[in-house]
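Input: a single structure, listed below in structure tokens.
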Amino acid sequence: MQRSGQFLVQSTPAGSTFTPEDFDAETRMIGKSAEDFVRHEVLPRLEEIEQAKEGLMRELDRKMGELGFTAAEVPTHYGGLDLPKTTVALIVEKLGPEPATCLTLQAHAGLAILPLVLEGTPEQKARYLPKLASGEWCGSFCLSETGSGSDALAMKTRAVPDGDGYRLTGEKMWVTNAGFADLFTVFAKLNGEQFTAFLVERTFPGVSLGREERKIGLHGSSTRRVVFENVFVPKENLLGEVGKAHYIALNTLNLGRYKMAASALGTGKYALEVATRYAKDRHQFGQPIANFGLIRQKLAEMTTQLFALESMLYRTGALMQEWFEPIHALPPDHPELHLRYREAASEYAGECAMLKFFGTEVQYFCADEGVQIHGGYGYTEDFPIAKIFRESRVPRIYEGTNEINRLNLTQHLIRQMQRAGLPLIEESRARESRPIDTLPDKSLEMLATLVEGFRQATLYAFRLAWEAYGDHLREQRQEVAAAIADMTTMLYGLDSIVARLPKLQGTASDAGLLAGLLFARYATQVMRDRADLVLNALNAPAESHRLMERMLPLPRFNAVEARNQLAQFVLMRDGYPYGV
Ligand SMILES: Cc1cc2nc3c(=O)[nH]c(=O)nc-3n(C[C@H](O)[C@H](O)[C@H](O)COP(=O)(O)OP(=O)(O)OC[C@H]3O[C@@H](n4cnc5c(N)ncnc54)[C@H](O)[C@@H]3O)c2cc1C
């Protein structure tokens, strides 16, 4: 089992990462069933979804139950499919063209089901998981409150012991699926102090709902307050350990963030698809706008970002799966099951945070450029890109804002260094004496060398920040911590692309190299910007700036021509030119 963060300290052999090209026929069929569902049963009902037609989203959720999507992460012992994390991501990605439906699934199959899978007792699992897995029941995750979002631990919801159970009082905000959920996973402070989770059925006396929130987008997704007024919760519905609900909340969110990147990928690809079709159809100055260099540039840049995201996403899914796989062999009543799940779900917390902020920003970029390609028509509800644009804003906010997730990533690296022995400082020192300086001319060699330069630069920035702030980096210099998170992300992105390239065949191979070069160019600019920010914030001497420059040479190639060629592949394929 590979530890998180290895890409920072050792090079990745070409072809060694899991990529979509590795999906077998059976997995592709699962992906196809999700794609068919969204294209044939969901997108034709967009108008009703937008109007939040009573009962419709619950109906779609049930259908996703029949298709097995809600059972994807449930152990087979409890009626689930226990699919690999890569397959789970593929299902979510394929639902991406309709974000409200996709979010409904994620809240049900992820946020509601995973707390039970990770920390439930065998009795709790037997009672609730089969119903949730089949879609007979739907679930919700109740963490946020009016006064506590990012600072979730400041919550006011309270539980007190009462006879054979507890009394729960408080109000949860922003609860996805609240309108039709049968089960709420509720986080509260037991006796005002101990952060603890409870399984609360919709029918327990004292549970009530607020009105639907009036959101910018995701109109089909139910988002309401849930009020708990002195609700009696039997003691067997306390989930996990008293005072240790942070394991439940954080680990559920880690896995949720991974899947948010999958939905971002699916929505982003859909934005590219509709923008490509529009660019071919729309004529100005006597020709399709797809002929214009500035439109082709947009299509190529959208593709490049999506290609990086896809390469990072499935690589991470397979790495996480290595940690989950051995758990399948354990009996359902194994006394350490929850501890093994904790390990598995937290190991890649940093990569999950990274995927969440990078993925949702790629989604937003694609939606925004998609509108631009549509011109004025993109600003009307007559074209699907308008809805995609509205729905691409909030993913940067929920499941931990992107600011918080940037801080989480850098904090995770510190933790991996301290607890898992990730040799970040040692590797930085070892690499400092041999900055890459120049880049070879041949494209593949150039990319591989640049990955090493990114590694050197990220480690160097991390080391200087660590020497200046140590454990207090997150609190004392957020901007530096976030810049290091961005550098780490660019490294992981380019590293994942370069490792993937040998797996691509035919035209996808040519298109892959173009995207690799274009991502390298973009990422080098980001790296240089963030490195400069870190060095200046730390008052680093001029020699540190010079060293950093030697680690980050700008790749030189004809980017205009590369974009043009990549756009041509996109136009030929009517959208994203790789993947399954
Ligand atoms: C449509 C929708 C669905 C949702 N579904 C659910 C759900 O099902 N269950 C659930 O529990 N919650 C849900 N949420 C809540 C969501 O997770 C929170 O909105 C999110 O965590 C941010 O909290 P907040 O809105 O209170 O913002 P705040 O925490 O108040 O943040 C406001 C701003 O301050 C920044 N900020 C806050 N703290 C820091 C810091 N320490 N350093 C730097 N910047 C900081 C944030 O990044 C943000 O830009 C949902 C929200 C929405 C909009």
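The values are calculated or read from the model by the stated rules, or taken from the named source; none is laboratory data. Source: prediction; values computed, not measured. Here the Cβ positions follow ideal geometry from the backbone for every residue, glycine too, while neighbour counts run over all protein chains shown. Heads up: the accessible areas ignore ligands, DNA and RNA and are worked out on the full protein's heavy atoms, side chains in. Shrake-Rupley method; radii C 1.70, N 1.55, O 1.52, S 1.80 Å.
Below are the figures for this structure:
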read-out: The range 242-390: Lys pairs at Cα distance under 29 angstrom, eight or more positions apart or on different chains; value: 15
read-out: Förster-model FRET efficiency, 30 Å R0, Thr438 and Glu322, C-beta, rounded to 0.05; value: 0.25
read-out: Förster radius 60 Å - calculated FRET efficiency between Arg39 and Ile425, Cβ distance, rounded to 0.05; value: 0.75
read-out: Whole-percent carbon and sulfur share, accessible surface of the range 417-544, 1.4 Å; value: 45
read-out: Inter-label distance for Glu549 and Asp164, nm, one decimal - labels placed 7 Å from Cα along Cα-to-Cβ; value: 7.6
read-out: Relative contact order computed over the chain (Cα-Cα under 8 Å; 6+ residues apart), in percent; value: 17
read-out: 10 Å binning of all Cα-Cα separations within the range 39-117, expressed as whole percents from 0 upward; value: 18, 54, 23, 5
read-out: Within the chain, longest stretch free of exposed GluC sites (Glu not before Pro) [DSSP loop, at most 12 other beta carbons within 10 Å]; value: 382-580
read-out: Carbon plus sulfur fraction of accessible area for the range 280-362, probe 1.4 Å, in percent; value: 54
read-out: Dipole magnitude of the range 242-390 about its Cα centre (Cβ charges: Lys, Arg +1; Asp, Glu -1), debye to nearest 20; value: 340
read-out: The chain - accessible surface per residue (Å², probe 1.4 Å); value: 39
read-out: Theoretical FRET efficiency, 1/(1+(r/R0)^6), r = Cβ-Cβ of Leu250 and Phe285, R0 60 Å, to 0.05; value: 0.65
read-out: Cα gyration tensor shape of the range 133-217, rounded if a/c is under 1.5, else prolate or oblate by comparing a/b with b/c; value: oblate
read-out: Dipole moment magnitude, nearest 20 debye, the chain about Cα centre, only Lys, Arg, Asp, Glu C-beta charged; value: 680
read-out: Angle between the chain longest axis and helix 337-347 axis [Cα atoms, degrees, rounded to 10]; value: 30
read-out: Residues of type lysines that Lys131 reaches as a straight line, Cα spacing below 19 Å, ignoring anything fewer than 8 places off in the same chain; value: Lys63
read-out: P(r) tail fraction, the chain - alpha-carbon pairs more than 39 Å apart, %; value: 27
read-out: Between 0 and 90°, nearest 10: helix 542-551 axis offset from the chain longest Cα axis; value: 90
read-out: Helix-only CD estimate at 222 nm, as mean residue ellipticity for the chain, using -39500 (n - 2.57) per DSSP H run (n ≥ 4); value: -18000 deg cm²/dmol
read-out: Computed over the range 242-390, the ratio Rg/Rh where both radii use C-alpha atoms and Rh is Kirkwood; value: 1.17
read-out: Karplus 3J(HN,Hα) series, Hz, for the range 126-142 with 6.51 cos²θ - 1.76 cosθ + 1.60 (x for Gly, Pro); value: 5, 6, 10, 4, x, 5, 5, 5, 7, x, 4, 10, 10, x, 9, 10, 10
read-out: Carbon/sulfur fraction of accessible area - the range 186-241, other protein chains in place, 1.4 Å, %; value: 49
read-out: The range 477-553 versus the range 164-242: alpha-carbon centroid distance in Å; value: 43
read-out: Sequence-distant residues sharing a close amide H with Glu145 (under 5 Å, placed H); value: Met173
read-out: Relative contact order of the range 421-571, pairs being alpha-carbon contacts under 8 Å that are 6 or more residues apart, as %; value: 32
read-out: Extension gain (nm, one decimal) between Asn564 and Glu59, 0.36 nm per residue minus Cα-Cα; value: 177.4 nm
read-out: Area accessible to solvent at His40, 1.4 Å probe radius, in Å²; value: 130
read-out: The range 491-580: trypsin sites (Lys or Arg not before Pro) falling in loop per DSSP and having at most 11 other Cβ within 10 Å; value: Arg556
read-out: Approximate spin-label separation Arg211-Arg556, in nm, with each point projected 7 Å along Cα-to-Cβ; value: 6.4
